[in-house]
Amino acid sequence: DAGITQSPRYKITETGRQVTLMCHQTWSHSYMFWYRQDLGHGLRLIYYSAAADITDKGEVPDGYVVSRSKTENFPLTLESATRSQTSVYFCASSESTPGAGESYTFGSGTRLTVV
Amino acid sequence: AQTVTQSQPEMSVQEAETVTLSCTYDTSESDYYLFWYKQPPSRQMILVIRQEAYKQQNATENRFSVNFQKAAKSFSLKISDSQLGDAAMYFCAYRNPDYGGSQGNLIFGKGTKLSVKP
């Protein structure tokens, strides 16, 4: 089915480990985004990508790495996980340029716990 | 930088009644987009309604409508005939019409948790 899928849905990892969250969309949307959701903070942008091989930092990029070698995939890597990175992570995509006013389509989120 | 403020962390409404969720934002732009998203316990982010700033008419989607006050930079969501399925976290979001950089990304408020009493 077409859509945007995130995996895994739940993940527990230890402090200092590297972990990668996957995001895959089937629409060939140009824009993709990673947000983290924390109580009292709403959703905050980590990284975004305007196209394959084009990525840029958002509001809270420290400790995260992204890549986008293919249009449909936008993995998020925590290089050395810390407890402060315990959060729910959302991937999203958008069909058009920001100026078109299109909404985003979100994945179902990954709940990451760092112990 | 633009900011979005939701001043009500939690709200409660009786089933079949009407409730209004508040949202204010700060921007120096004259053209932009505003959104309300619903997040039920399933975690899925669902678009409820969208408003273009250049349109004076308030957007409406079935039982959901907005009161867009551009001069006051206010964008409240009214839910009429509330149903149990409306219980969720609601996020207000702003998007700048910029064709480059991070200016066009969605900026979210902190959310309002809505409970619906039977």
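Available extension along the chain between A:Gln18 and A:Asp56 is 11.6 nm, counting 0.36 nm per residue and deducting the alpha carbon span.
Taking the Cα centre of segment A:4-114 as origin and charging only Cβ (+1 Lys, Arg; -1 Asp, Glu), how large is the dipole, in debye to the nearest 20?
On the way: 10 positive and 10 negative charges, 77 e Å.
Dipole of segment A:4-114, to the nearest 20 debye: 360 debye.
For segment B:3-117, carbon and sulfur atoms together expose 45% of the accessible surface, with a 1.4 angstrom probe and every protein chain in place. Comparing segment A:4-114 with the 2.2 N^0.38 Å rule of thumb, its C-alpha radius of gyration ratio is 1.00 (two decimals).
Model label sites at A:Tyr10 and A:Arg83, defined 7 Å from Cα along the beta-carbon direction, differ in position by 2.1 nm.
Between B:Gln57 and A:Asn73, the C-beta separation translates, for a Förster distance of 45 Å, into a calculated FRET efficiency of about 0.70. Accessible area per residue for the protein assembly as shown is 47 Å², calculated with a 1.4 Å probe on protein heavy atoms, without ligands, DNA or RNA.
Think of chain B as a dipole: +1 on every Lys or Arg Cβ, -1 on every Asp or Glu Cβ, centred on the Cα centre; then among B:Ser7, B:Gln57, B:Leu34, B:Ser7 lies furthest on the positive end.
Each other residue within a Cβ distance under 13 Å of B:Thr60 adds +1 if Lys or Arg and -1 if Asp or Glu, for a net charge of +3.
Inter-chain Cβ neighbour count for B:36-45, averaged per residue, equals 4 (cutoff 10 Å, partner chain atoms only).
Return the Rg/Rh ratio of the protein assembly as shown with Cα-based radii and a Kirkwood Rh.
Working: Rg = 17.7 Å, Rh = 18.2 Å.
Result for the protein assembly as shown is an Rg/Rh of 0.97.
Computed on segment B:47-118, the Cα convex hull volume stands at 107 Å³ per residue.
The values are calculated or read from the model by the stated rules, or taken from the named source; none is laboratory data. Everything numeric here is computed off the predicted structure, so don't read it as measured data. Because the Cβ atoms are built from the backbone with ideal geometry, glycine has one as well, and the counts that use them run over all protein chains shown. Heads up: the accessible areas ignore ligands, DNA and RNA and are worked out on the full protein's heavy atoms, side chains in. Shrake-Rupley method; radii C 1.70, N 1.55, O 1.52, S 1.80 Å.
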